Amino acid sequence: MRGGLPPILLACVWSLGIALLVVRYGFGPKGAWGDILDLAAMLLVLACLADRILLLRHAPRIWPVLRSRKYEFVLLALLVAALGGVLVGDEWVQDLMRHLALDSRLRLGIEACELFLLASIVVQSLRYQQNIFVRGLRPEWILIGSFALLILIGSLLLLLPRCASDPQKPLAPVDAVFTSTSAVCVTGLVVRDTGKDFTVLGQFIILLLFQTGGLGIITFVAFIAVTSSGSLPLANSVALRNLLSATSLAELKRHVRLIVAFTLLVEFAGAAVIFSSLPANDVPVRAACWSLFHSVSAFCNAGFALQADSLVGYRDNVGICLAVMALIILGGLGFLVLNDVARVQVSRLPLVRMIPAVRRYNRRLPVQRLSLQSRLSFVVTALLLVVGFVGFWILEGSTGEVGETWGARFWAAAFQSVTSRTAGFNTVDIGHLQLTTLLLVMALMVIGACPVSTGGGIKTVTFGVLVLALRALLLGRDRVEVFGRALPQKVVFATLSVTLLYVAAGWAGTFALAFFDPQAPLHAQSFEVISALSTVGLSTGITAQLSTGSKLVLCLLMFVGRVGPLSLVLCVFRSGSSVPYRFPDENVVVG
């Protein structure tokens, strides 16, 4: 849309904004150079303000401009509100200044302006990426490229001097790549203590990485596209629909809005519950930031914690444990399941249909039913939670590692049953578990979460189809059937392909770790490989001691586990067209 600053001048503004933020927060210049950067930040904010004013002034009607550029104007309104709060605020402003180590309200106002620049740059970057989707690239390439680009950007940002809390121990390049990969792939494996070795800036970058990696860059681009205008260009619409597997533009808009709104709602609700469960003597601003970090990490199934021992210190805090478990389960169910559940209206549920007041309403509308995808996801998830809980209770209940009381054992078994499949938090020392318990945890990690979720593994539906295929073989049936439905043959083929590729990647990863670090125990190496490939993040404690070669292998496994081994194969081998012939059948002996 024309009417604002010239495109070349606007591109210079965003480029200078990126350079300013990198120098300001990455290197932290003081004295005269710091004052120059502060003045430059104010000038860039004024340039953004001028662009918004010119857009409104040259527009025939103001409302279409506000609608198409709503995020830019919302950010501007938030900046004005923040600056007003800084001027008139009292106690909460002082708490925020102490937490951020700022010495004046002017400094806090400049920080707000620079945060506005950062948010504006992010919005503009997402808008520019829409142009990539209309160039005819295959969805697999866009998916892999977006994650690889995000990992690269995260690695460069984490290498900035002010991201490391100790200037004498800067982050090594391989550690920056490992941390960025672990965050983007929502794994949670760490080689540096997130709470001690990173500053607030470094922790904030890590949070942004696993938030963006959990939802995916494509989701954010689609959200900006479908909510900024009433209609999209045809090329953008088709590209985004193909990438998000939507059958229509209306379904695309509904899915994207539901994903983003539900994510924000759940994460803030989880942060509120965690905040209310913390001790009352904590500094409010610090406690709020701690709660939000762990809430986002739990929902994205990232497993990053601000303590070296994860959540072991909070094993007796029932409120925090319940909140984290609920967030992990919701994030691991997947957006396909959550969207399907939202589609089922409450008035159409069996128990509600018995109420006389809604019977007439129900006669006019058909009963909604959960899809086969959702029912399989729920059944397999519930079975895995029960199996994990019972198995952990039996194997570790008498060792004393999980606690002495029945209550401690119950919560330890329940928490590890939830987190072992996909997240990576732990309330017990994983390195002290028995080998049989580690094998159980490895099995849960292999299965993982549900499809199109923030978790990894071969996925619950894949495991369910494998079991159903075995059941059909034992019963002598030639089709895989469940819940009154028959699964297409291509679904069974895809299930077998995903499982075979996962096994091959796991074997190759274990072989590579044994080659680079032969001194490490084989069970610890296998556990580390499966944790990385399933993007879980649990570890027996050998991650930081691994060699550079092993760390790079784990980075590759985390990347493969996040984008999916099948997506990588499809990028290399283009699917062929169907052939107009069929070969005759001939049996072979297997098993």
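Pop a pseudo-label 7 angstrom from the Cα along the beta-carbon direction at both D35 and A19 and give the gap in nm to one decimal.
So the label points at D35 and A19 sit 2.2 nm apart.
Assuming 0.36 nm per residue, please report the length gained on full extension of the stretch T548 to A148 beyond their Cα-Cα distance.
142.1 nm
Lys and Arg at +1, Asp and Glu at -1: add these up for the other residues within a Cβ distance under 14 Å of G561 and post the number.
+2
Under a crude label model (7 Å from the Cα following the beta-carbon direction), how far is R485 from A272 in nanometres?
Simple spin-label model gives 3.5 nm for this pair.
Of the listed peptides 491-500, 193-202, what is their order by residue-averaged count of other C-beta atoms within 10 Å, with the highest listed first? Each step should come with its number before you reach the end.
Numbers: 491-500: 15.5, 193-202: 17.7.
The peptides rank, most packed first, as 193-202, 491-500.
Debye sum, Cα scatterers, the range 366-572, no solvent: what log₁₀ I/I(0) at q = 0.08, 0.15 1/Å?
-0.31, -0.98
What's the local net charge at G202, with K and R +1, D and E -1, over the other residues with C-beta under 14 Å away?
Overall, the nearby charge balance is 0.
Which ordering of W33, W393, W63, W290 is given by a fewest-first count of other beta-carbon atoms within 10 Å? It would help to have the intermediate numbers written out before the result.
Numbers: W33 13, W393 18, W63 8, W290 21.
Placing the least packed residue first, the sequence is W63, W33, W393, W290.
Working only with C-alpha atoms, what are the Rg and Dmax values of the range 1-47, expressed in angstrom?
12.3, 40
What ranking do Y502, Y128 get, fewest neighbouring Cβ atoms within 10 angstrom at the top?
Y128, Y502
Can you put E586, E396, E111 in order of Cβ neighbours within 10 angstrom, beginning with the fewest?
Fewest-to-most ranking of E586, E396, E111: E586, E111, E396.
Coordinate-derived values only; no laboratory data. The shown structure was predicted, so the numbers you read here are calculated from the model rather than taken from an experiment. Using ideal geometry, Cβ is built from the backbone for each residue, glycine included, and neighbour counts are taken over all protein chains shown.
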